[in-house]
Amino acid sequence: MQVLADALTASRLVIAAGIVGIGIPWGRGALNMVQIATLLGWTADTVDGHLARRAPAGQKTLISRHDRTVDAFMVVAGFLYMTAIGFVSWWFCLAYLTVSAGLIYRFRSPALATLLEAPLVLQMPLVALMEVPALGLAWLSWGLLALILDRKRLAVRLRILWDDWRRMRG
């Protein structure tokens, strides 16, 4: 199980590299490809999480220990792509990434990192709804299905975020 989970996590690194290395040079012409690749990446993230939780306790690998970092690469790759094709200004992109990195470094809070990533993650589905409605509907369907299938994990994640937020404030 862990090998497959690691392969899915590594695939997200390849997707992030493709978004930056192929998507940015191709510009808006790559929007559909980038949207689909991102949707596949987040699907891989969901599946690798389920597989990793089924692995024997303590069976962490180098790749599994850096799952959140891979998530960040996916988020930043999409944000850079959206910036490169004009949905976000370069000054805002640089300011947001700089301030976010500073806050995450200062507080070392997974809750804060998740809150700062959320608008960047949501921009892909929102742009899809505006530019390619069929892909926007695919994103909405994917999100709804993920919520239904992962509702127990969502409650756990929300509790972790809340506890981390309270710890950071106090």
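For segment 96-124, name all the residues that are small (Gly, Ala, Ser), in a helix (DSSP H, G or I) and touching a residue at least 24 places away in the same chain (Cβ under 8 Å).
Scanning segment 96-124 gives Ala111, Ala113.
Name the single residue that is farthest from the chain's Cα centre (by Cα) among those in segment 76-92 being assigned to a helix (DSSP H, G or I) and β-branched (Val, Ile, Thr).
Selected residue: Thr83.
Quick check: anything in segment 79-91 touching a Gly at 6+ places or on another chain (Cβ under 8 Å), of a type outside the set (Ser, Thr, Tyr) and exposed (fewer than 11 other Cβ atoms within 10 Å of the Cβ)?
No, there is no match, as no residue in segment 79-91 is touching a Gly at 6+ places or on another chain (Cβ under 8 Å), of a type outside the set (Ser, Thr, Tyr) and exposed (fewer than 11 other Cβ atoms within 10 Å of the Cβ).
Among (1) loosely packed, with under 14 Cβ neighbours inside 10 Å; (2) without any contact (Cβ under 8 Å) to a residue 12 or more places away in the chain; (3) part of a helix (DSSP H, G or I), where does Arg68 come up short?
If we test Arg68 against (1) loosely packed, with under 14 Cβ neighbours inside 10 Å; (2) without any contact (Cβ under 8 Å) to a residue 12 or more places away in the chain; (3) part of a helix (DSSP H, G or I), just (2) comes out false.
Return the residue satisfying two criteria in turn: it lies in segment 144-156 and is closer than 23 Å to Leu126 by Cα and surrounded by 14 or more Cβ atoms within 10 Å (Cβ to Cβ), and of such residues it is modelled with the lowest pLDDT.
Out of the qualifying residues, it is Asp150.
What do you reckon, is Phe73 surrounded by 14 or more Cβ atoms within 10 Å (Cβ to Cβ) and not in a helix (DSSP H, G or I)?
Spelling it out, it is not the case that Phe73 is surrounded by 14 or more Cβ atoms within 10 Å (Cβ to Cβ) and not in a helix (DSSP H, G or I).
Out of all the residues in segment 125-168, which are assigned to a loop (DSSP other than H, G, I, E, B) and either closer than 22 Å to Tyr81 by Cβ or among the aromatic types (Phe, Trp, Tyr) (or both)?
Across segment 125-168, the qualifying residue is only Val132.
Quick one: in segment 125-139, of everything that is free of Cβ contacts under 8 Å to residues at least 60 places away in the same chain and either of a type in the set (Asp, Glu) or touching a helix residue (DSSP H, G or I) at 6+ places or on another chain (Cβ under 7 Å) (or both), which residue is surrounded by the most Cβ atoms within 10 Å (Cβ to Cβ)?
Pro125
Any residue in segment 95-106 that is in contact with a Phe, Trp or Tyr (Cβ under 6 Å, 6 or more places away or on another chain) and either under 16 Å from Asn32 (Cβ atoms) or buried (at least 16 other Cβ atoms within 10 Å of the Cβ) (or both)?
The answer is no, given that none of the residues of segment 95-106 is in contact with a Phe, Trp or Tyr (Cβ under 6 Å, 6 or more places away or on another chain) and either under 16 Å from Asn32 (Cβ atoms) or buried (at least 16 other Cβ atoms within 10 Å of the Cβ) (or both).
Among Leu51, Leu40, Leu31, Leu13, which is modelled with pLDDT under 95, assigned to a helix (DSSP H, G or I) and among the hydrophobic types (A, V, I, L, M, F, W, C)?
It is Leu51.
For segment 76-90, check the following and say yes or no: at least one residue is within 26 Å of Leu8 (Cα to Cα), in contact with a helix residue (DSSP H, G or I) (Cβ under 8 Å, 6 or more places away or on another chain), among the small types (Gly, Ala, Ser) and without any contact (Cβ under 8 Å) to a residue 12 or more places away in the chain.
Scanning segment 76-90 turns up no residue that is within 26 Å of Leu8 (Cα to Cα), in contact with a helix residue (DSSP H, G or I) (Cβ under 8 Å, 6 or more places away or on another chain), among the small types (Gly, Ala, Ser) and without any contact (Cβ under 8 Å) to a residue 12 or more places away in the chain.
Of the residues in segment 15-24, how many are free of Cβ contacts under 8 Å to residues at least 24 places away in the same chain and either among the acidic types (Asp, Glu) or in contact with a helix residue (DSSP H, G or I) (Cβ under 9 Å, 6 or more places away or on another chain) (or both)?
So the count comes out to 2.
Output the residues belonging to segment 31-63 that are under 20 Å from Pro133 (Cβ atoms) and free of Cβ contacts under 8 Å to residues at least 40 places away in the same chain.
Met33, Ala37, Leu40
The values are calculated or read from the model by the stated rules, or taken from the named source; none is laboratory data. Because the structure is predicted, anything quoted here is derived from the model rather than measured. Note: ideal-geometry Cβ built from the backbone for every residue, glycine included; neighbour counts use all protein chains shown.
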